[in-house]
Amino acid sequence: MLTPEQLVASQKANLETLHGLTAKAFEGVEKLVDLNLQATKAALSETAQQTQALLSVKDAQELIALQASLFQPLAEKAAAYSRHLYDIASGTSAEFSKAFESKVADGQAQFTALVDSAARNAPAGSETAVAMMKSAVAAANNAFESVQKAVKQASDVAEANFNAVATSATNAAKSASTAAKKR
């Protein structure tokens, strides 16, 4: 049985966790807004420069060369923006995952303590039922740990794939830009 003090302490801990997660969520939003503001400022500045360059073009050959020179930086900037966006999202997600795992671990420990307490106070002859309950709790904990490991591995694979795609896109843009300049 939970005492009123334990219940209040549990609610207080839950509120502190909620407050911490809310702060992390707002921190992630702030980073995202900052990233978008920086990207917008850079885009406006580059647009002004590119417009000036376009207005100074004298022939079709020069226009083609200008277009080729603009393509590669654009692809690289898009890839960099995507990387920053991914870093913000994965960092915020990691904070939420860490808090979730901590709460689950606390819940598992409390439940295990409850089962152990029930086992100590169980009537004689209920050893088999208690052993089955302990076995079920251990199996559930092992299953949860396996799921956590699988999610971690999937996240690592997704991050590696994201990095590979970003690198591939940047390299393709470089190749296309180089090919266009040779024309």
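Among residues of region 20-62 being among the acidic types (Asp, Glu) and surrounded by fewer than 12 Cβ atoms within 10 Å (Cβ to Cβ), the one that is nearest to residue 95 (Cα to Cα) is 30. Would you confirm whether any residue within region 105-119 is farther than 30 Å from residue 17 by Cα and either open to solvent by 60 Å² or more (accessible area, probe 1.4 Å) or at pLDDT below 90 (or both)? Within region 105-119 (the criterion being farther than 30 Å from residue 17 by Cα and either open to solvent by 60 Å² or more (accessible area, probe 1.4 Å) or at pLDDT below 90 (or both)), the answer is yes, since at least one residue qualifies. Of all residue pairs spaced 6 or more apart or on separate chains, those with beta-carbon atoms under 7 Å, a first member in region 1-21 that is among the polar types (S, T, N, Q) and a second member that is surrounded by 11 or more Cβ atoms within 10 Å (Cβ to Cβ) are 17/99; 17/103. The listed residues are 101, 95, and the only one of them that is acidic (Asp, Glu), open to solvent by less than 70 Å² (accessible area, probe 1.4 Å), in contact (Cβ under 8 Å) with a residue 12 or more places away in the chain and farther than 25 Å from residue 172 by Cβ turns out to be 95.
Of the residues screened, residue 72 is one that is surrounded by 13 or more Cβ atoms within 10 Å (Cβ to Cβ) and touching a residue at least 60 places away in the same chain (Cβ under 8 Å). Scanning region 139-165 for residues that are basic (Lys, Arg) and modelled with pLDDT under 80 yields one hit, 152. For residue 58, the criteria (1) part of a helix (DSSP H, G or I); (2) modelled with pLDDT of 90 or more; (3) of a type in the set (Lys, Arg) hold in every case but one, which is (1).
Among residues of region 105-134 that are in a loop (DSSP other than H, G, I, E, B), those with a beta-carbon under 8 Å from a residue that is aliphatic (A, V, I, L, M) at least six positions away or on a different chain give the pairs 122/129; 122/130.
The values are calculated or read from the model by the stated rules, or taken from the named source; none is laboratory data. Bear in mind that the values here come from a model prediction, so they are computed numbers and not experimental data. No Cβ is skipped: glycine too gets one built from the backbone with ideal geometry, and neighbour counts run over all protein chains shown. Quick note on the areas: whole protein, heavy atoms, side chains included, nothing else; ligands and nucleic acids left out. Shrake-Rupley method; radii C 1.70, N 1.55, O 1.52, S 1.80 Å.
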